[in-house]
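Heads up, the thing below is written out as structure tokens.
The values are calculated or read from the model by the stated rules, or taken from the named source; none is laboratory data. All of these numbers come straight from a predicted model, not from anything done at the bench. Note: ideal-geometry Cβ built from the backbone for every residue, glycine included; neighbour counts use all protein chains shown. What goes into the accessible areas is simple: the full protein's heavy atoms, side chains included, and nothing from ligands, DNA or RNA. Shrake-Rupley method; radii C 1.70, N 1.55, O 1.52, S 1.80 Å.
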Amino acid sequence: MCALLLRKTVMQQIDGQTCSPEVMKQVKNQLLICIQNEPQRNIQKKVCDAVGQLAVKQLNDDLNAWPELGPFILGATGGSNPQLHEAAFTILNALAEFIAEKWPQWHPTLLQIFNSSLGSNFPLQVRNAALRALASFLMVVDDAKVRQPFQDLVPLMLQTIAAALTENAEDECREAIEVFVELADSQIKFLKRYLQDCVSAMLQIASMTNLQDNVRHLALEFLLTVAESAPTMARKLPDFVNNAVPVALQMMLEIECDTPEELREWEEEDDEEEDTEINNYDVGEEALDRLAIAMGGKTMMPVLSEKIQEWFQHTDWKHRHAALMAISQSGEGCEAQMAKQLEMIVRTIVTKFGDPHPRVRWAAINTIGQMSTDFGPKLQKKLHSTVLPALLGAMDDQSKRVQAHAAAAVINFCEHCERATLQPYLHALLGKLLLLLRRDGQRRVQEQAVTAVASVADKAESDFTPFYDDFMPPLKFFLQQAADSKEYRMLRGKAMECISLIGVAVGQEKFGPDAQAVMEMLIRTKSSELDADDPQVSFMLQACARICKCLGEAFKPYLPFVIPPLLHSAQIDPELHVTDADDDEDGVEDEEGMESVTVAIRGQGNKRITIRTSALEEKATACSMLHSYVMDLKEGFFPYVHDVAGTLVPLIKFQYMDDVRTAAMMTMPELLDSAILAVQKAVPGATDELVHQLKDFMFEPVLTQLGAEPDVETLSCMLESFSEMLGHGQASAAARLSEEQLRATADGLKALLQERQERREERQADDDEQPDEEELLQRANEEEHEEGLTSALVECIGGLFKVYGPAFLPIFHDVNAQPVADANGSIQQPTLGAYFYQMLQPARPDGTPTPAPDRAAAICVFDDVIEHCSASGGSDQYIPELYKALVAYSVDPGAEVRQAAVYGIGLLAQHVNNSLFTPQMQEAAAQAMITVCSAPDAFEEENASATDNAVSALGKICKRSEAIAAVALPRWLSFLPLTSDKAEACAVHTLLVEMVEASNVQLLGAAHEQLPQILCIFGQLLDSDLVDEGITPRIVSLLKQVFAGLPHVLQSLPSHPAFQALSDEHKANIEKAISS
């Protein structure tokens, strides 16, 4: 304890600068003497830690502040005292970052020290200390050239592990393997030259059943870390997967359930009970999952398939169990390969529902449940007739645990199931679940049955109404029973969930009479003292929000009971603690509900971070529920807007959980909307000034977090919410941004674009190896996330133009601003407009092609400029160059680029005057649109949306120019009806109806020769979602007019080729409209 206090006291003195130079010199000398004379290792280590921390502080301020330290370390590592030798490495471990960055002259000396100290003539404790110090040094060295000379130490590092095994020193072996795991995670390229030797050694250790389990687990962890850190490198190693998969599978055989007593114990266990003890089976199972995801299906499936087929037929139930769970665990990583054989795999698994051993039957059901998640909705659509009857049969299994798991698998199946698919099975499925639900004394079975009913109701919607009266009474009974019993907490919580989902499914009319009684029970439960880890808390929060969704305005009387507890839960402290990883004193991590992880924090060493996970989950749920309430109640939520904003705005930057940040951010536009609607509907207390204050209160924290958010997917979600916030400026002047805020927004969005480009460059810089197919798929996934981010950024900029119009242009693009170089020499565009102008070009400044998603994004932004800034002439400066780009890109190979370009052509036709969009330009644009629409593959699925937009643009040009219409309208008509882009389809079909109503001769033809074709198009539009509301009656009226005024056209219609090509349904639509 004295040594620990010494370390803390020394640092406090240094931080406060309370020691005189003379005293500090004496302290430093005494510390070194203490290390030399201290006989006990653990005390000596604490003193070494104090020396290390003190040295970092002193030497960072003055490189010559401790001249005795270097010679002391050299003497200790060159002497004959093993304990002092180890102590020197403890100090070096603390100094690793300092030496790496500020003592480069020590690097050759370090290499000599490590080379000597890792030799076989030193005790294991010295060699392990050298390993730890070496790893700490390597992990903070940024320059690969500095690390390179140290690569030759890897064989000596491996020999340390071998020596530990020879001496049966398994603790030392574990510590050495931990070093390799850390290096594989952060510096895998350092191990590359000797990676095959490292992998072979770890495979051997992981397979040695005579070793301690934690040693074997660490060896397997090294293999998994290699796979995850460098999958391409791992796939190139001879037989990496061939050897790693059997190790994981073999561990999955190490389970107990052979005797009747063990089987009874398993039967009584709860699937959802958390087993804190990690066993070999758990490690092997997780390893398969991680290997499949890292290595990919093409590499994994051949190895797995061979073993699974062999083990399916094995007489030992453990092999059959492992084979099934292997399928379950590898489904996510091997999705594409398994999907090709999905029917065969599922039918094979279902045969194991009848296996003699209950654990195999349980595993088969578990695998079907997992595959329903991994392969939905394809599995549900194609194999419902195989899966659902099998699950219904399993609910009659003699094992209660198997019964419960069959109900749980129904939950997975419903997750991606369509209402129509489920409907034929409702009677049998709900009948079976009702029987399980009524089984008194079988709590686990009841819990899973209740959740399965909830899932079915969620998908069945109003189809559940006939079963409502059977289920509501027992569910309400569960809410009432054993309120104080911990045993029934989960059942009551799941009953809350089920009742609320049923309420949403059947609607207010059916659920209304029970809603008040249910809410009173929930309020009584909430008013009682619930433990912090009580699962009812989360279930209750979500149930109340669903009941609100069902009741709407009728829920408002309950808000005083539900909102304050939600605000309390949203503010709950997750009790984060950060301590030194090697502190021996008992800490909060031993408390129930606390979880810890050890991480290396640069400049601070290894730290243990501990947090209460249940509090995090409660916090996230509360934030999500507050978002749900304000979204559903709109202005009805106004009385709580102030308090909720005060609670959630600070949580936008909550760093410990993405879900909390995301939910808090999603609530911002909803709160603003509630306040705006309250003003519009004269709700007491609602004013424009309050809306203005609310907008200002949100703005800076939101913009700051957008710039700080580390996760790309979370950032995309946040930008979507920010775009909604910006859009509210259209509904309320009080919600508009000031000029200063507009400029800050533009700068923030530009910074995000720059960071996106830097991430792309970093990925390209990492391409020192030729990526294989799996690596390319992973990169494609990363690019997809980046494209989502770009789309969200474009949406924000479009929202700014929609609200502020030409007023935003000077901020968007300052023509006098010049590009500047950043600290790394990269060119930074001065404004958003300059950035997107560069993205609009076919090639980047370095000559490489501009990626299609970038060009599409730039076109979309300038489309917004045309749409929202042309009336005032704001877009005039861009039109000449934009026109050329739009016409050129209208035939681009990329469908997304074409779609944005042809949409822009349509906007030119709508918004730009003839002096800029001249008749000659219109004619060329019309010809370009005809070219796009006439391509052989124009209406194939991947091109259809772009083509629909080109048809729309052509129609807009024809509407504008009679000369072009005379030639182009028949071609335009030949492309109708549109079916892919519903928004453009509705707009184009409305234009068609307007032209027919106006008796447009250029469309109809002088002798109405085009009218039969138009009537056939109308037949396809009736009873479809391809026309706006109100258009169908106008089509019917036109058909009746033709019937009355031009009967000969209808009489000749059956012989027209277009009519003959119609389906019977579409022909009937015409006849029905005429006769109605």
Legend entry - J(HN,Hα) series, region 730-742, from Karplus relation 6.51 cos²θ - 1.76 cosθ + 1.60, nearest Hz, glycine and proline x: 6, 8, 8, 5, 5, 8, 6, 7, 6, 4, 4, 5, 4
Legend entry - Probe 1.4 Å - accessible area at Ser462, Å² to nearest ten: 60 Å²
Legend entry - Largest-first ordering by accessible area, 1.4 Å probe, given options Phe917, Phe122: Phe122, Phe917
Legend entry - the chain: angle of helix 919-934 to the longest principal axis, Cα-based, in degrees nearest 10: 70 degrees
Inset, instruction - Over the chain, give the accessible area per residue in Å² for a 1.4 Å probe, as an integer. - result: 44 Å²
Legend entry - Cα Rg over Rh - region 977-1075, Kirkwood: 0.93
Inset, instruction - Could you tell me the accessible area of Lys57 in Å² (1.4 Å probe, neighbours in place), rounded to the nearest ten? - result: 70 Å²
Inset, instruction - Can you tell me the FRET efficiency between Glu101 and Asp316 if r is taken as the Cβ-Cβ distance and R0 is 60 Å, rounded to the nearest 0.05? - result: 0.60
Legend entry - From phi via Karplus (6.51, -1.76, 1.60), per-residue ³J(HN,Hα) for region 127-140 in Hz, x at Gly/Pro: 4, 5, 5, 5, 4, 5, 5, 4, 4, 4, 5, 4, 6, 10
Legend entry - Efficiency of FRET from Cβ geometry, Leu530 and Ile278, R₀ 35 Å, rounded to 0.05: 0.70
Inset, instruction - Kindly write out, for region 566-572 in residue order, the coupling ³J(HN,Hα) from the Karplus curve 6.51 cos²θ - 1.76 cosθ + 1.60 (θ = phi - 60°), rounded to whole Hz, with x marking Gly and Pro. - result: 5, 4, 5, 5, 5, 9, 4
Legend entry - Listed residue pairs exceeding 25 Å between alpha carbons, taken from Lys352/Lys432; Lys57/Lys145; Lys959/Lys982: Lys57/Lys145
Legend entry - Principal-axis tilt of helix 358-374 within the chain, Cα atoms, nearest 10 degrees: 50 degrees
Legend entry - Per-peptide average of other Cβ atoms within 10 Å, ordering 401-407, 731-737 highest first: 401-407, 731-737
Legend entry - region 148-220 and region 773-815: distance between their alpha carbon centers, rounded to Å: 46 Å
Legend entry - Heavy atoms of Thr259 accessible to a 1.4 Å probe, total area in Å² rounded to 10: 60 Å²
Legend entry - Full-stretch length increase - Glu784, Leu1046 - with 0.36 nm per residue and alpha-carbon distance subtracted: 88.9 nm
Legend entry - Relative contact order, percent, region 977-1075 [alpha-carbon distance under 8 Å, six or more residues apart]: 32 percent
Inset, instruction - Give me the distance in nm between label points sitting 7 Å out from Cα along the Cα-to-Cβ direction at Glu68 and Lys236, one decimal. - result: 5.2 nm
Legend entry - Theoretical gain in end-to-end length, Lys556 to Asn210 [0.36 nm per residue, Cα-Cα removed]: 118.0 nm
Inset, instruction - Please give the peptides 33-42, 687-696, 131-140, 170-179 ranked by average Cβ packing (other Cβ atoms within 10 Å per residue), highest first, as a rough proxy for protection. - result: 131-140, 170-179, 687-696, 33-42
Legend entry - Options (i) 1.28; (ii) 1.12; (iii) 1.18 - which one matches Cα Rg over 2.2 N^0.38 Å as calculated here: (ii)
Legend entry - Heavy-atom accessible surface of the chain: percent carbon and sulfur, 1.4 Å: 50 percent
Inset, instruction - Name the long-range amide H neighbours of Thr850: under 5 Å, sequence gap of 5 or more, or other chain; modelled H, no Pro or chain starts. - result: Ala843, Arg844
Inset, instruction - With a 10 Å radius around each residue's Cβ, average the other Cβ atoms per peptide and rank 943-950, 888-895, highest first. - result: 943-950, 888-895
Legend entry - Theoretical FRET efficiency, 1/(1+(r/R0)^6), r = Cβ-Cβ of Thr687 and Arg438, R0 51 Å, to 0.05: 0.35
Legend entry - Helix 240-251 vs. the chain, principal-axis angle (Cα, 0 to 90°, nearest 10): 80 degrees
Inset, instruction - Only Cα pairs under 8 Å and at least 6 apart count here; give the relative contact order of the chain as a rounded whole percent. - result: 4 percent
